[in-house]
Structure formats: structure tokens, C-alpha cells
1. Which one of these is of a type in the set (D, E, K, R) and either closer than 24 Å to R5 by Cβ or at pLDDT 95 or above (or both): R57, R153, R71, R132?
2. Which residues, counting only those in region 93-112, are exposed (fewer than 13 other Cβ atoms within 10 Å of the Cβ) and of a type in the set (A, V, I, L, M, F, W, C)?
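The values are calculated or read from the model by the stated rules, or taken from the named source; none is laboratory data. Just so we're clear, the structure is a prediction, and the values are computed from it rather than from any experiment. Virtual Cβ from ideal backbone geometry, glycine too; neighbours counted across all protein chains shown.
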Amino acid sequence: MSRSRVIRGGAGDWTGIEPRRYRHGEDGLARFRDVTRHTLLGVGQASSEAGLGFELRYFEVAPGGYSSLERHEHGHAVVIVKGRGAVRLGEATEPVSALDVVYVAPHDVHRFSADAGEALGFLCVVDRVRDRPVVVDEDGPAGSASPGATEPRDRGAP
């Protein structure tokens with residue numbers, strides 16, 4: 001029996017996929033605004049995509065919103081699929097728009113923002129097993145990190 005499937009999409013939502021909180025504000029440094037996350041493929045060991053070594057996620061940043069300023073040991077790939085905005089990579093900030101592809105290298109500080117007056121939507125491909133992001137203190141010295149775990153974790157575990 002095939003476990004292959006099609007997940008029907010709409011305007012920023014998918015059949016059977018509930019949006020989740022972008023992240024938890026586990027410390028006072030996790031500054032972000034108006035971001036939602038949909039994990040489309042590769043979540044959970046018991047999922048029908050258990051053979052995937054990656055997760056495919058969709059993030060949408062509302063106009064004026066932004067993701068956490070963070071870094072981590074794993075790299076990941078991002079494809080902008082909706083709107084315009086900006087991405088901070090290290091000390092540089094680049095404009096991004098639909099069909100731009102962004103590679104976030106390991107340890108690079110990064111943030112996505114919808115600063116162009118419209119929502120910014122992007123697909124993100126990341127290893128299923130990876131380290132935890134470290135939130136960067138925007139008010140501290142460049143690149144200083146907040147307290148927090150950096151050990152590897154299996155995102156597929158419940």
C-alpha cells in the first residue's frame with residue numbers, strides 16, 4: 001500500500017495541516033512578530049514520511065512581522081514563494097521576493113522580515129535531526145547568544 005499523498009493547498013493553508021506557533025518565547029530574547037508555521041512533510045517518526053531525512057515547512061510572516069534573530073549549527077534552504085521582504089544573513093540584509101532561493105549557512109545569524117508592506121511566505125527545508133536554534137541578543141555585542149540548549153535533537157520524536 002502506497003503512503004504517497006497529495007496535500008491540497010490554498011491561500012496559506014493546507015488540508016489537514018494545522019498552523020503552529022512559530023516558536024516559544026522561552027527566554028526574553030526570542031523577539032519575533034506575526035509568524036506562523038506549517039510543517040508539511042517529515043514530522044514525527046510515525047508519519048507517512050518517516051523515510052525522509054528532512055522536514056518541509058512553510059512560514060508566513062505578516063506585513064511588518066519578523067522571525068527571531070538566531071543561529072544554529074545546521075544549514076538550511078529557503079524558497080520564497082509569496083510576497084517581498086528581507087533576509088538578514090550575518091551582518092548583511094538582502095531584499096527577497098517570490099522564487100528567490102536563500103541558503104542559510106551553519107552558524108550564520110539570520111532573520112526573515114516582511115518589511116515591504118506585504119506578507120512574506122517561504123518554504124524551508126531543514127534536516128529532521130538537528131541542533132536547537134540559539135537566539136541572538138539584539139541588544140548585546142554582535143553575535144552574542146542567549147542562554148539555551150544547543151545539543152542535537154530529533155525533531156521527529158514526539
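1. R57
2. Passing the criteria: L99, V101, A105.
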